[in-house]
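The values are calculated or read from the model by the stated rules, or taken from the named source; none is laboratory data. Here the structure is a predicted model, which is why all the values come from computation and not from measurement. When we count neighbours, we look across all protein chains shown, and the Cβ atoms used for this are built from the backbone with ideal geometry, even at glycine.
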Amino acid sequence: MAVVAVAAFVGWRYFDGRIVRLTPEAIAELKEAVAAQDEAATPLHRAAREVAAPNPMGNVYFGDLHVHTALSFDAYLFGNRNGLDEAYAFANGADLEVVNGETAWLSRPLDFVALTDHAESFALPAICADDPNHPFCLKMNNPSVFLFQELRSSALDRPPKRPASMCEVESLCVEAEKATWQRIREAAERHNDPGTFTAFTAYEYSPVLPEAGKAHRNVIFRNEHVPEHAASSYDAVTTPDLWRTLERDCQAPCEALTIPHNMNKMWGVAYNGKTIDGDDYSREDWRVRADLEPLAEIFQIKGASECAVAAGAVDEECTFEQILPACEPGQEMGCALPNSFARQGLKNGLGLQAQLGFNPLRFGFVGATDTHNSTPGDAEEWDSRGSNGLFGSPASKRLAAPDANYKSGIMRNPGGLAAVWAEENTRDKLFDAMKRRETYATSGTRIRLRFFAGALPSDLHENDRAIEIAHEQGHPMGSVLAANEAPVFFASALQDPFSAPLDRLQVVKGWWGDGETHESVMDVACSGGRQPVEGRCPDNGARVDLSTCAFSSDVGDAELNASWQDAEFVEGQPAFYYVRVLENPTCRWSTYDALRLGVSPRDDVDPVVKERAWSSPIWVTGAPSG
């Protein structure tokens, strides 16, 4: 393929890096560019939803708990005009055309979704519906990074204040926010279909940090009983303020949980025990966090927050989809800080256990998209259509080199999915499973992953009834296990039938010893009968043809199982364990885009990825004596 420059894409005359004019001419020209894209390499995998019967041993349900529609100011500002109903329809299998004409679609419908529009912008839809000629609304109709940056800068005020240019009287803003929140609640009720599809009422709480940092949480409610007003960063200045507000305003039958995301961009405050204002967490802050925050979103479009080699992780897989460099001496923002990653947070929790007498950082894992295109679950590499309207599409824009005004999205990815093991697909059962952390994250693939521990047979992986026995005699992912002897861990992974075979199963361990935390990573099952050498599986030889994106289908396994005991287990030593499963390599989204344009893949990013899934941890503590 010829190498051609793609930095100057169709539509430049309507786009100066800051403002896109939503004129008919601009849209027509962009759609013409989309029509010229070659979609021949796009897989045609498609399947209808399979509705599983209730199962006491659990079914796995795949969904997305982090989705933005046109109700979010940034999504609207970037050109998205698809709303709540369009997003729910997409989640249920409908195609959706994004603003420039690209069509997004899911290979399989989702089982559940939470639409999490920014509460900070809830006033805008109601205000602009009443007065389309409001000066603020007129500015919103021309997609503009400049306006986005202006609004973001104003949100850095302490405490943050609603923009005076949006509504002169704050009480009017609050009433407008309530009206939008009511629309969101009604849409969730309209689309919730117990047993088939679950729609959670939800929103995003979005305080900002300097240098494009964030300390955001998604707030997910169990049922239709929710507060009358969605507390934003205007109402709750810090995350502990949010938790206290939820405890006050969401009492039974209302119940909520919060999920942090992009911990990688929290500049260390994700797990350092401080608020965004630099105040130390109190014991009560830790208590309420432990109660309301059972999960963390460790993978999404803005990178992986599991771990980073740049932040001190020990294994090479922690280079996966990283967007931040290592920190220079003294650098506190804009880089990969250890306390911005989930693995370090889990280790910090073990230290807090020794200090507080309880562990407030026992959290499970989920993935999500964070799409701003109203396309929940659109996380497959081959269907990546960007995530932010006209600034992430068409393919020529996605592959463009960075310009002076808007950072290229080449380092981003299509996002991930949340997987939940629950007895049936209802709000109550899914919410209960999330509270007990029986969840896992994927990088967009639909690997089926289970993880148990306990007094299990050491050869359980060879038993045809392994899952049944593990369910009866063991403890699933998310559990806290009291044991004075090394438990047997059992992990099982099944290949996504629309993706590549599996390569390996790994166990990640963290522990507290000698007054500090430690970590290790071990490969415990290798495909093709290989055996680990010094804790690592040898390369299995799987490759990808970059001219077609065909991957090795005759290398690797459709299923991997392992029974494993920790040879380094120390009685009474607090530890956690989680499983990571890796697929064989497949094309990265940027390589699919290169094929669409008839150009060579960019040489500054890896042309392939190893899709993966991460189980929630199992914590092991010493059993009570006597």
Original post:
Where residues in region 491-504 are part of a loop (DSSP other than H, G, I, E, B) and in contact with an Asp or Glu (Cβ under 9 Å, 6 or more places away or on another chain), which of them is surrounded by the fewest Cβ atoms within 10 Å (Cβ to Cβ)?
Top reply: F498
**OP:** Give the residue that is farthest from T275 (Cα to Cα), with candidates limited to residues of region 131-171 that are part of a helix (DSSP H, G or I) and free of Cβ contacts under 8 Å to residues at least 12 places away in the same chain.
**Re:** L138
**OP:** Keeping to region 564-585, report how many residues are of a type in the set (S, T, N, Q), surrounded by fewer than 23 Cβ atoms within 10 Å (Cβ to Cβ) and under 28 Å from I447 (Cα atoms).
**Re:** 1
**OP:** Would you mind finding the one in G93, G63 that is in contact (Cβ under 8 Å) with a residue 24 or more places away in the chain and surrounded by fewer than 24 Cβ atoms within 10 Å (Cβ to Cβ)?
**Re:** G93
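Matching residues to (1) surrounded by fewer than 20 Cβ atoms within 10 Å (Cβ to Cβ); (2) touching an Asp or Glu at 6+ places or on another chain (Cβ under 6 Å); (3) closer than 17 Å to S616 by Cα; (4) assigned by TED's automatic domain parsing to the domain that holds D554:
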{"residue": "F489", "(1), (2), (3), (4)": "no, no, yes, yes"}
{"residue": "K509", "(1), (2), (3), (4)": "yes, no, yes, yes"}
{"residue": "E516", "(1), (2), (3), (4)": "yes, no, no, yes"}
{"residue": "E519", "(1), (2), (3), (4)": "yes, no, yes, yes"}
{"residue": "A525", "(1), (2), (3), (4)": "no, no, no, yes"}
{"residue": "R530", "(1), (2), (3), (4)": "yes, no, no, yes"}
{"residue": "D539", "(1), (2), (3), (4)": "yes, no, no, yes"}
Original post:
Just to be sure, is N463 in the same structural domain as V524 (by TED's automatic domain parsing), surrounded by fewer than 17 Cβ atoms within 10 Å (Cβ to Cβ), modelled with pLDDT under 95 and farther than 27 Å from S107 by Cα?
Top reply: no
Original post:
Given the residues E102, E39, E50, E120, which is the only one that is farther than 30 Å from P601 by Cβ, touching a residue at least 60 places away in the same chain (Cβ under 8 Å) and among the charged types (D, E, K, R)?
Top reply: E120
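Results for (1) at positive phi; (2) in a strand (DSSP E or B); (3) touching a Phe, Trp or Tyr at 6+ places or on another chain (Cβ under 8 Å), shown as yes or no for each residue.
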residue: Q506; (1), (2), (3): no, yes, no
residue: G510; (1), (2), (3): no, yes, yes
residue: T517; (1), (2), (3): no, yes, yes
residue: V524; (1), (2), (3): no, yes, yes
residue: G528; (1), (2), (3): yes, no, no
residue: S547; (1), (2), (3): no, no, no
Original post:
Among the residues of region 65-82, is any closer than 24 Å to G195 by Cα, among the aromatic types (F, W, Y) and not in a loop (DSSP other than H, G, I, E, B)?
Top reply: no
**OP:** Output the residues belonging to region 287-322 that are of a type in the set (A, V, I, L, M), out of contact with any strand residue (DSSP E or B) (no Cβ under 7 Å at 6 or more places or on another chain) and under 22 Å from L505 (Cα atoms).
**Re:** V309, A313
Original post:
Looking at region 424-436, is at least one residue at negative phi, part of a loop (DSSP other than H, G, I, E, B) and crowded, with 24+ Cβ neighbours inside 10 Å?
Top reply: no
Original post:
When H475 is evaluated against the numbered criteria (1) surrounded by fewer than 17 Cβ atoms within 10 Å (Cβ to Cβ); (2) touching a Gly at 6+ places or on another chain (Cβ under 8 Å), which criterion, by number, is the only one it fails?
Top reply: (1)
Original post:
Would you call S552 farther than 26 Å from G303 by Cβ and touching a residue at least 40 places away in the same chain (Cβ under 8 Å)?
Top reply: yes
Subject >> Positions within region 593-609 being among the polar types (S, T, N, Q) and not in a loop (DSSP other than H, G, I, E, B), in sequence order >> reply: none
Subject >> Candidate set: region 303-325, residues that are out of contact with any Gly (no Cβ under 8 Å at 6 or more places or on another chain) and closer than 20 Å to A419 by Cβ; chosen: the one surrounded by the fewest Cβ atoms within 10 Å (Cβ to Cβ) >> reply: E317
Original post:
Which residues, taken from region 232-274, are over 22 Å from the mean Cα position of the chain (by Cα), in a loop (DSSP other than H, G, I, E, B) and under 23 Å from S121 (Cα atoms)?
Top reply: Y234, D235, A236, V237, C250
**OP:** Identify, by number, the condition in (1) among the polar types (S, T, N, Q); (2) under 24 Å from D378 (Cα atoms); (3) out of contact with any Pro (no Cβ under 9 Å at 6 or more places or on another chain); (4) surrounded by fewer than 21 Cβ atoms within 10 Å (Cβ to Cβ) that N142 doesn't meet.
**Re:** (2)
**OP:** For region 437-472, enumerate the residues that are of a type in the set (G, A, S) and assigned to a loop (DSSP other than H, G, I, E, B).
**Re:** S443, G444, A455, S458
Original post:
In region 354-391, what residues are touching a Leu at 6+ places or on another chain (Cβ under 7 Å), among the β-branched types (V, I, T) and closer than 27 Å to Y578 by Cα?
Top reply: V366
Original post:
Just a yes or no: is a residue in region 106-115 in the same structural domain as H68 (by TED's automatic domain parsing) and surrounded by fewer than 16 Cβ atoms within 10 Å (Cβ to Cβ)?
Top reply: no
